[in-house]
Every structure is written in C-alpha cells, then in structure tokens.
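Only the coordinates and a few stated rules stand behind these numbers; no lab work does. Everything quoted here is computed from the prediction, not taken from an experiment. Glycine gets a Cβ as well: all are built from the backbone with ideal geometry, and neighbour counts include every protein chain shown.
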Amino acid sequence: MRPSKREKCERLERVDVLLRERYPEAECALEYGGDAWRLLVMGRLSAQCTDAKVNAVCKELFTKYPTFAEMAEANVEEVEQIIKPCGLYKMKAKNLVDASVMLRDEYHGELPSTMEELLRFPGVGRKIANLLLGDIFHTGGVVADTHCIRICGRLGFYPEREKDPYKVEMTMGELFEKTGLCASDFCHRIVWFGREVCIARSPKCAVCEMRDFCKGRRDE
C-alpha cells in the first residue's frame, strides 16, 4: 500500500530532523566562497564529476580567472586545459565562457534571481538553477542530484526506479511546500549523508538513523 501525502510529509519531517542532528550546518559541498558566479561555474563543472574534484580544479581556475569579467575574455582552449580533469571539458569550457559573457553584457554582473532567467545561461539546467536560487537568493527548490534522487527513492517518497530529475524535483517540491521545510538545506545535508552513510553501492544501513523506516534498507 502506497503511503499517503500526509504520511510522506510526516516522514520528510522525521528525515529532516535526523539530518539536522547529524549535520547541524547545511553546507554546500562546493567551495564557492559566497560568490554567485563561482557557484554557477562550479555547478556546471560538477556534472558527471565529484565535488571534491571540482573544488580542486577551481583553485587553479579561479586563480587565473577570479571573476566573470576575466572569464568572459578567456581563451576557451586555455579554460579547457584547466578543467579537463572534470570531464566533458570542451562543452563545459565553452559554456563557462559564454555564460560569463552573458552575465557581463546582459546582466551587468548581477546574476538574475528567477528560474526562467537562470535557465537562459549556457549549461544551466534546473539543478544548477535551484542550487543558485537556494544558496544565493534563498528561494530555491529541490536540487535533484544523484544523492537526492537515490536516497529519497530509498526512503519511499517515490518508487526507487524513478530516476527522472524533473519528476523527483516536482514530487519532493510538493512535500517541501506542504511541510514548510527548507529544500535547499535538506539537499545540502542529503549530499553529505549520501557520501558518508547512504552510499550508492554499499549503504551503511546498520549505522543509519533511518533504518527503522527506510523502504530501501538492506539487511546485513
């Protein structure tokens, strides 16, 4: 029998409490230093790449191109060489330079605060847009990354086989709206939880605070 919306909301509230206890500070795993443009850059680089790798690569990238203005004037091939360890480097480099040009020429360096406008930037999809809206403008929705999709499925908010980021965002977004919880903070915490406990291939169910009600629990 499928849980009702009310039951899912109650479960979300319970998960949120447990995550807050484990991770009192809801910190973004990307070390962007509070700079909106840098978060856009790092969010784009994180596609099919670990946050740890992005943080390491961006130390060199931001040393050479500390602001959007410098990146807007960058040689794409030089950017490619720096970000190559992040994978998909040719498309990512072009996206970063083009996005910086757009930020400079159309928005005068001020990142827009709406989903619609953020999606205009090259390489920015809903996941990055929600990340920016949450961290920079505190209005963001669900950042449906691999950790969020996997763990929320295991916890029974939707079938585990569901892997569509948009469907997950909409499903979870409705629950966050009903409960009044902060989706952005929750998603930051779920990333850390996914790295340390609810690991993709070998979840540590025996030490998980949610094992008693997790639908995807693996008995050891």
Could you run the Karplus curve 6.51 cos²θ - 1.76 cosθ + 1.60 with θ = phi - 60° over the range 80-95 and give me ³J(HN,Hα) per residue in whole Hz, x for Gly and Pro? 4, 5, 6, 8, 3, x, 7, x, 6, 5, 5, 5, 5, 4, 4, 4
Using the structure shown, list the pairs from K127/K167; K167/K215; K94/K163; K64/K94; K53/K127; K53/K94 with a Cα-Cα distance above 23 Å, or answer none. K94/K163
Isolated Cys in the chain, by beta carbon distance under 4.7 Å: C9, C28, C58, C148, C152, C182, C187, C198, C205, C208, C214
Of A52, A36, Y89, farthest towards positive along the dipole that unit charges on Lys, Arg, Asp, Glu beta carbons give the range 36-135: A52
For the range 83-117, state which trypsin sites (Lys or Arg not before Pro) are in a DSSP loop and have at most 15 other beta carbons lying within 10 Å of their beta carbon. none
Would you please name the GluC sites (Glu not before Pro) within the range 159-207 that are DSSP coil residues with at most 13 other C-beta atoms within 10 Å of their C-beta? none
If R0 is 25 Å, what FRET efficiency do you get for R22 and L88 from their C-beta distance, rounded to 0.05? 0.15
With angles folded into 0 to 90 degrees, how steeply does helix 165-179 sit against the dominant principal axis of the chain? Use alpha carbons for both and round to 10. 60
The Cα radius of gyration of the chain, divided by 2.2 N^0.38 Å with N its residue count, comes to 1.07
Give a residue-ordered list of calculated ³J(HN,Hα) values for the range 154-160 (Karplus: 6.51 cos²θ - 1.76 cosθ + 1.60, θ = phi - 60°; whole Hz; x for Gly, Pro). 4, 7, x, 6, 6, x, 4
Which one of T114, V168, A26 has its Cα pushed farthest toward the positive end of the charge dipole of the chain, where Lys and Arg give +1 and Asp and Glu give -1 at the Cβ? V168
Within the range 19-107: Cβ-based charge dipole about Cα centre, in debye rounded to nearest 20 (Lys, Arg +1; Asp, Glu -1): 300
